[in-house]
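Asks: Dropping a structure here in structure tokens format, bear with me for questions.
The values are calculated or read from the model by the stated rules, or taken from the named source; none is laboratory data. On a predicted model such as this, the values are computed, not experimentally measured, just so you know. Using ideal geometry, Cβ is built from the backbone for each residue, glycine included, and neighbour counts are taken over all protein chains shown.
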Amino acid sequence: MNKNAPINLQEELVSFLRRKRLRKHRLPTIGVYYPTTLVQPCTRGQWNFYKQTIEQHKFPDDFVLKTSEGSVWHEMIEQLGVWDSVEGTAKMRVPLEGGGYITIRGRYDAIRGDTVWDFKRTERVPWGYKPKFAHLLQLNFYMEALGKPKGVVAYIGYEGGKFRIKEYHHVLTDWLTQTLINKALTLHTHLVNDVPPVCTCRTRVHEVEWLNYEREKARLVN
């Protein structure tokens, strides 16, 4: 190897992380849905992620970087020795009208007694007394799937200029469970019928994202 040859550090890091840190992450398939994707507020963003990842047979670079950075913190906390279980599977089957089912599957971070813990590495800890809705939705799914009545979202990030861990407690809520199930059914319907949902973001960012993706595909073919 020529040590004087230029390198692209991001490309090198992403390639390394794909080999070393994404072995537990399965590529998306239609019919199996993950809370980390379903909690995104825009269905078009979810649809884009599934379609692009399935077509390319790999996760996008930004997904690799974000997921791997969070995994480092998760591993440190999970090694504390205070947990009954860490890094396990939580899943739920949802029946479809006319027969069959879809699966919602995720990996919880930790369990202690009757409580599920979900660790979130974030730049800024949410203000006030409530966690972000998307994170509650994800935690609530793990609680439902595991039969645990209590949960904690633990944010790892900055608050008032200081780096800290802040915990928000949650009680299992049926409405949140049904909300996530409905989001999974909606995404499944669009994917099965290959019909892109309308982007509900004010800037239509996910429609622009898809146009750019299609242009790049066409450029590579030509």
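Asks: If we scan segment 58-65, do we find a residue that is assigned to a helix (DSSP H, G or I), modelled with pLDDT under 90 and out of contact with any helix residue (DSSP H, G or I) (no Cβ under 7 Å at 6 or more places or on another chain)?
Replies: Residues of segment 58-65 assigned to a helix (DSSP H, G or I): 61-65.
Imposing the further condition that a residue be modelled with pLDDT under 90 reduces the set to 61-65.
Still in the list and also out of contact with any helix residue (DSSP H, G or I) (no Cβ under 7 Å at 6 or more places or on another chain): 62-63.
Checked segment 58-65: at least one residue is assigned to a helix (DSSP H, G or I), modelled with pLDDT under 90 and out of contact with any helix residue (DSSP H, G or I) (no Cβ under 7 Å at 6 or more places or on another chain).
Asks: If you don't mind, another one. Quickly run through segment 83-128 and pick out the residues that are basic (Lys, Arg) and either crowded, with 18+ Cβ neighbours inside 10 Å or within 30 Å of His190 (Cα to Cα) (or both). Please lay out each step first, then the result.
Replies: Of the residues in segment 83-128, the ones basic (Lys, Arg) are 91, 93, 105, 107, 112, 120-121, 124.
Result: Lys91, Arg93, Arg105, Arg107, Lys120.
Asks: Identify, please: which residue in segment 141-174 is farther than 22 Å from Gly88 by Cβ, more than 20 Å from the chain's Cα centre (by Cα) and of a type outside the set (D, E, K, R) and is, among those, surrounded by the fewest Cβ atoms within 10 Å (Cβ to Cβ)?
Replies: Gly161
Asks: Then there is this: Given the structure, is Arg44 under 30 Å from Pro197 (Cα atoms), at pLDDT 95 or above and crowded, with 17+ Cβ neighbours inside 10 Å? Give the derivation first.
Replies: Details: under 30 Å from Pro197 (Cα atoms): yes; at pLDDT 95 or above: yes; crowded, with 17+ Cβ neighbours inside 10 Å: yes.
Yes; evaluated as a whole, the condition is true for this residue.
Asks: Which residues, taken from segment 47-82, are in contact with a strand residue (DSSP E or B) (Cβ under 8 Å, 6 or more places away or on another chain), without any contact (Cβ under 8 Å) to a residue 40 or more places away in the chain and buried (at least 17 other Cβ atoms within 10 Å of the Cβ)?
Replies: Across segment 47-82, the qualifying residue is only Glu78.
Asks: Does segment 129-144 contain at least one residue that is modelled with pLDDT under 95, touching a Pro at 6+ places or on another chain (Cβ under 7 Å) and of a type outside the set (S, T, N, Q)?
Replies: Yes, that holds for at least one residue.
Asks: Let me ask something else about it. Could you go through segment 14-37 and let me know if any residue there is at pLDDT 95 or above, closer than 22 Å to Phe141 by Cα and either in contact with a Cys (Cβ under 7 Å, 6 or more places away or on another chain) or of a type in the set (A, V, I, L, M, F, W, C) (or both).
Replies: Yes, some residue in segment 14-37 is at pLDDT 95 or above, closer than 22 Å to Phe141 by Cα and either in contact with a Cys (Cβ under 7 Å, 6 or more places away or on another chain) or of a type in the set (A, V, I, L, M, F, W, C) (or both).
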